[in-house]
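Below is one structure, written out as structure tokens; the observations come after it.
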Number of protein chains: 4
Amino acid sequence: MVIVMKENCPKRQVGEVLAVIRQYDLNPRIISPAPRVIVGVVEDLDKKLFDQLTRAVSEMEGVDAVEMFGTSWKLVSRSFRPERTTINVAGQVIGGREQAVIAGPCAVESLENILEIAASVKEAGATFLRGGAFKPRTSPYSFRGLGEEGLKYLAEASRLTGLPVVTEVITRRDLPLVAEYAGILQIGARNMQNFALLEAVGELDKPVLLKRGLMATVKELLLSAEYILAKGNSQVILCERGIRTFEKETRNTLDISAVPLLKQLSHLPVIVDPSHAVGKRELVPAVALAAIAAGADGLMIEVHPDPDYALSDGRQSMTLEAFRDLMRLVGSVREAVCDAYNSGGVLCP
Amino acid sequence: MVIVMKENCPKRQVGEVLAVIRQYDLNPRIISPAPRVIVGVVEDLDKKLFDQLTRAVSEMEGVDAVEMFGTSWKLVSRSFRPERTTINVAGQVIGGREQAVIAGPCAVESLENILEIAASVKEAGATFLRGGAFKPRTSPYSFRGLGEEGLKYLAEASRLTGLPVVTEVITRRDLPLVAEYAGILQIGARNMQNFALLEAVGELDKPVLLKRGLMATVKELLLSAEYILAKGNSQVILCERGIRTFEKETRNTLDISAVPLLKQLSHLPVIVDPSHAVGKRELVPAVALAAIAAGADGLMIEVHPDPDYALSDGRQSMTLEAFRDLMRLVGSVREAVCDAYNSGGVLCP
Amino acid sequence: MVIVMKENCPKRQVGEVLAVIRQYDLNPRIISPAPRVIVGVVEDLDKKLFDQLTRAVSEMEGVDAVEMFGTSWKLVSRSFRPERTTINVAGQVIGGREQAVIAGPCAVESLENILEIAASVKEAGATFLRGGAFKPRTSPYSFRGLGEEGLKYLAEASRLTGLPVVTEVITRRDLPLVAEYAGILQIGARNMQNFALLEAVGELDKPVLLKRGLMATVKELLLSAEYILAKGNSQVILCERGIRTFEKETRNTLDISAVPLLKQLSHLPVIVDPSHAVGKRELVPAVALAAIAAGADGLMIEVHPDPDYALSDGRQSMTLEAFRDLMRLVGSVREAVCDAYNSGGVLCP
Amino acid sequence: MVIVMKENCPKRQVGEVLAVIRQYDLNPRIISPAPRVIVGVVEDLDKKLFDQLTRAVSEMEGVDAVEMFGTSWKLVSRSFRPERTTINVAGQVIGGREQAVIAGPCAVESLENILEIAASVKEAGATFLRGGAFKPRTSPYSFRGLGEEGLKYLAEASRLTGLPVVTEVITRRDLPLVAEYAGILQIGARNMQNFALLEAVGELDKPVLLKRGLMATVKELLLSAEYILAKGNSQVILCERGIRTFEKETRNTLDISAVPLLKQLSHLPVIVDPSHAVGKRELVPAVALAAIAAGADGLMIEVHPDPDYALSDGRQSMTLEAFRDLMRLVGSVREAVCDAYNSGGVLCP
């Protein structure tokens, strides 16, 4: 809900509108400053409460107009755009009939290593190549990736296999460089609320894979996506990758219900990263299949030819053989559910 | 790991063993009291640490023997019983090739109501009938179920449809009564650590469905199951039903990776209750399919002919029509994964 | 809010009332069954929403009366009883001007051990003696306490020192035995929603210390207390002891703001158990002082003469010397804030 | 623990070292790349495990040296710098005998508004003025602060009162501008792992207030501080401001035990922001006193002359009167505990 104030109305009148809204236990916010203040109410209001609030506010001094916009986000919403968004990168589609599969190592380690992995995952059925060249690390003393050299290796692997590259950008300063090499720019979980970076990728004409933060709600993920769309870039893929909970047997807890929930609320494609979610390679296949069955448009999976010797995240990387076996099952499960997710029936709230 | 002390060894010697173990940041516990004290170390120890600790402890005064038992649970463990447990109730199997589906209302409301639901869910493919006659309620002023009358209605519905009844028992006092009517006794999430109740059902010869507590770890769930098996009843079904997290768009957060994790650690069958996990009926189907794809042996789903008028949990109950549609999809997904879960391949860590 | 239906009104009319209430995204519940159904709405309603809902419901068929009762609990509420409850056990007061301090070992280990501890903590300023004779344990193989023997040791320690005993009861069956020895009956965190046990202690004339569950919200704690008061026992002490979160450096996370929140909502006294909350003895003193500064009426602290050799919870038990030092500081902090908490000023919302 | 490899040793040898370390269930990381690889093990190792691992690794091919550095952070650690850090900004000290109090509005709204607040909080005893000019906002449509104009208003308020300014910087691009006006640069919770921003403030000679992320562990907070110190800026103040949990009665859950824990692990000063932690102004005073009693070096509190009409965070802002009352109590509690926190006794683990 949006309340548009009259131009140059006294600040006190704005304050009075805020105070009235707060009486309903709502949390109004200033969407647009003076001289023409706009007040937003981003909580979901049912019809009754909306009518009641409209009555209460519309007669107040200084109020020019009251409008419904339903939810706190707009451009990402299915009410704004009923048809589903599909994203096409060099012929590979995310959000279409076939699942997208982004596979590769956590970090690019060497040219030989990435070439071997790229060839293998392509053969197994992957449609995109992942690999980190710039890595955000909790400790300042950890390996932070090969930088531009890593990007060049990814480019070479992409040239040889035809798989577009998905790689992370962690600062606005690196963005022009990374964007030159990436088919899809990844915004990592730690940067989900780095609003300056979101706006910067929003100004490009390049798909963005936005990962959910460890402690971010589904609504916060959508609001972060809204930052990108609001700058003009509507090619955003949402990625569920596990949230932080009390359970410590797995690295994080994959929020599987976020998949249908995001698809109910938004037209954007949704993929799942089971590797970071569970953190143990032997659990990745079952969770990957669950994601597809829940309606995810694709998967992002860490694969390494020799995981125990990987420079990063070895514990959660699948072997090439296991990945190949998994891909066959992914196809069968997708087959079993795909029509139902497109038919408008019980799977399409 | 278990350290057996000599009979009647001085208490101080036990204390010294405890102190040494604590130096490894482990939390030893007295498994068995004097005169023959047994000290247990329930944390998982890798081979190296086990050897090191064995060396440190085995020469100490008062120590008689040091033995590995691997994990803090024993009877529920796959190392104890490699083959999977299947549970057969009047011809309906849980843990076998076909998925089990337990469906019905949250609370039994009336005879007509339960008869209508039972007939419908059976026709749609359910294999068990659920319904609460004794309901644990957060507030003392809420409807707590019809009690024995509700059990009788369930029995009548079961007689007419052939579906065995799954119903909750909430106190030891009610146990004989509930056990008379139930095919499977349900222990609810709030009672997962009601150890007296666990031991009481452990003394019966009747299958038990044990729900994971809202804030219980996977290991704690297994330890609670161990209470039941330790009393002699090995017919236990584990049920993941969502854990409490910061995300509030769904009632709870279904921990989908608990399914393969439980099956990796234990031989007991595992089912999933998507209704309580998500709390919104339109999200139940996608999450139910995810559970099957993740290898769950079955589902527990709330169904009501007229959910908006249900006396309890209406928001999360599916209509009979939606349930029927879902059942068809459940079969297809099960078909797609069932062999792979039984073949010893990538889905069977 | 409470909607009283007409006697023997048709079930359909009740259903229609439920459906209307649900349109406001509220979750109505049946407080009292037919023939005279009472529907409760336990969510907090502001004045406006209450009026609106009253209008919507009061003209409906079958509705006899609509009444406000403000919150989902009644007897524990400050609106129900504005003056604070104080509890007096053999001259020791909880909820008065002086802080109450319950100290002792996790588990009673032997007569000598408990006598030594009791004498020391009394000298240091403790006002109650704690000690577990019946211990709930996550694993069936852990030491579960000395049982009645432990109770007798506690009684002897109490006789010699004059400190009333606080000890846990874990089943309804043990209740008569434990009640014979205990000055205050403790309901542990795992049993906070063992409603049968709550009702059983609610029927006694004996103070109850109710610990917040690991997974319980503040509102759920108050609703569990309401179970006890609803049966006639109003001598309830609420105990915050840490909740389960993602942070693993401490055993749990003490929710310090629960102290002023509980005192704002309820007239019952509130104490804090820093030992179980933090799980590391060196952090207990700072957190204990924080609890007093936040307005807690007392503390529950684990103390052991030789914590590294304790049979249970040694890591979090303070030494007798450290406890003595802490007691002096507790007195100073209490002195600094006590008047302000009783004056009706900024600390008394 | 740090393993230094020989220069130009083959990559396979590094891999073998990683594999051996992983057998202890540790997570090794590459601290420094080829040609002279350094492998770090950041988990805490007790003496025994350290010795064992040293033996296992030191004879391996390619290993040059094995060194202990104790923890994953170094510069922030108390073992690295035993004496406590104090920070002096224009005569106001954080980490000294007196508590520091940073008070002011969430967002700077106008010149008059900030002048009024600054004068009042100074009179009440605040030692720093806070106020947001650049605000990170979850929604792209919310008010994001007055920008440079807001900084100028803060500067004017500071000039008139003598209170140094604490204000947030949200991007590296704004840093030079914000640093010109700020006495202390605040890094907000959402940016705690914006490593590029941390390194940028690490290169300045200006104190930094680092807020704990909503989802960050205590160890992660320390590692983020390490990023700043590693760049040469050792004037860092740590700020606990509540973590995200399942409890929704308060905005977040203040982790009070983080205060003594941070002071045990690090020499850096620690302050607490009760306003963001609890989100309800009536609970702020009790929690503020708790923080002081737990040993915090100061407080950060939101104050507004007319909170219900505040443009941002009105629900949690205290009135000027309430703040004045609180300050008196803060002084009394500090008085009661200050000596004990400096004496090396029970409060100083």
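The values are calculated or read from the model by the stated rules, or taken from the named source; none is laboratory data. The structure displayed is predicted, hence computed values, not measured ones. Because the Cβ atoms are built from the backbone with ideal geometry, glycine has one as well, and the counts that use them run over all protein chains shown. Just the protein is used for accessible areas: all its heavy atoms, side chains included, with ligands, DNA and RNA removed. Shrake-Rupley method; radii C 1.70, N 1.55, O 1.52, S 1.80 Å.
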Taking the label point 7 Å from Cα along the Cα-Cβ vector, the copy-to-copy distances for residue A:97, listed from shortest in nm with one decimal, are 3.2, 8.0, 8.3
For residue A:60 the rounded accessible area (nearest 10 Å², probe 1.4 Å, non-protein molecules ignored) is 40 Å²
Length gained if residue D:84 through residue D:97 is fully extended, taking 0.36 nm per residue and subtracting the Cα-Cα distance, is 3.5 nm
Computed, not fitted: 222 nm per-residue ellipticity of the protein assembly as shown from DSSP H runs ≥ 4 (each -39500 (n - 2.57)), nearest 500, equal to -11000 deg cm²/dmol
Taking only protein heavy atoms and a 1.4 Å probe, the highest-to-lowest accessible-area order of D:180, B:220, B:83 is D:180, B:83, B:220
Expressed in angstrom and rounded, the centroid-to-centroid distance over alpha carbons for the stretch C:244-312 and the stretch A:195-232 is 40 Å
One decimal, nm, nearest first: from residue A:248 to the same residue in each other copy, label points 7 Å out along Cα→Cβ, the values are 0.4, 2.8, 2.8
Whole-number value, in Å³ per residue, for the convex hull of the alpha carbons of the stretch A:2-67 is 68 Å³
Counting only protein heavy atoms and leaving out ligands, DNA and RNA, the solvent-accessible surface of residue A:66 at a 1.4 Å probe, in Å² to the nearest 10, equals 40 Å²
Ranking A:74, D:211, D:219 from most to least accessible area with a 1.4 Å probe gives A:74, D:219, D:211
For the pair B and C, the solvent-accessible area buried on both sides (1.4 Å probe; DNA, RNA and ligands excluded), in Å² to the nearest hundred, is 4700 Å²
Residue by residue through the stretch B:182-193, the couplings from Karplus 6.51 cos²θ - 1.76 cosθ + 1.60 with θ = phi - 60°, in Hz, x for Gly and Pro, are 7, x, 10, 8, 9, 9, x, 4, 5, 9, 4, 10
What a careful reader reports for the chain D Cβ nearest the rotation axis onto chain A, distance rounded to whole angstrom, is D:215, 1
Treating only Lys and Arg (+1) and Asp and Glu (-1) as charged, each at its beta carbon, one finds that chain C has a dipole about its Cα centre, in Debye to the nearest 20, of 580 debye
For residue B:264, inter-copy label-point distances (7 Å, Cα→Cβ), nm, shortest first, read 3.0, 3.1, 4.3
Shielding of A:130-139 by other chains, given as the mean Cβ count within 10 Å, works out to 4
Taking max minus min of the Cα coordinates of the protein assembly as shown on each principal axis, largest first, gives extents in Å of 82, 72, 70
Across A:308-319, the residue-averaged tally of Cβ atoms belonging to other chains within 10 Å stands at 4
Here the gain from full extension of residue A:4 to residue A:343, 0.36 nm per residue of separation minus their alpha-carbon distance, amounts to 118.0 nm
For chain A, the percent of accessible surface on carbon and sulfur atoms (probe 1.4 angstrom, ligands and nucleic acids excluded) is 48 percent
Comparing D:242, D:91, D:295 in a Gaussian network model of chain D (Cα, 10 Å), the one with the largest mean-square fluctuation is D:91
Heads up, the stretch B:152-197 by the C-alpha gyration tensor (a ≥ b ≥ c square roots of eigenvalues; a/c under 1.5 rounded, else a/b over b/c prolate, else oblate) looks prolate
GNM of chain C, Cα pairs under 10 angstrom: of C:127, C:85, C:245, the biggest fluctuation goes to C:245
Ignoring ligands and nucleic acids, residue C:324 exposes an accessible area, probe 1.4 Å, in Å² to the nearest 10, of 80 Å²
Quick shape check on the stretch A:87-343: root eigenvalues a ≥ b ≥ c of the Cα gyration tensor, a/c under 1.5 is rounded, otherwise prolate if a/b tops b/c, else oblate, and it reads rounded
Relative contact order of the stretch A:211-349 (C-alpha contacts under 8 Å, at least 6 apart) in percent is 18 percent
Partner shielding of B:48-57, as the mean number of partner chain Cβ atoms within 10 Å, equals 2
When chain A is treated as a Gaussian network with springs between alpha carbons less than 10 Å apart, the largest mean-square fluctuation among A:223, A:198, A:18 is found at A:18
Computed over chain D, the relative contact order (Cα-Cα under 8 Å, seq sep at least six) in percent reads 14 percent
So for the stretch D:218-268, using the alpha carbon gyration tensor with a ≥ b ≥ c as root eigenvalues (a/c under 1.5 gives rounded; past that, a/b versus b/c decides prolate or oblate), I'd call it prolate
Mean accessible area per residue over the protein assembly as shown (1.4 angstrom probe, all protein chains present, square angstrom) is 33 Å²
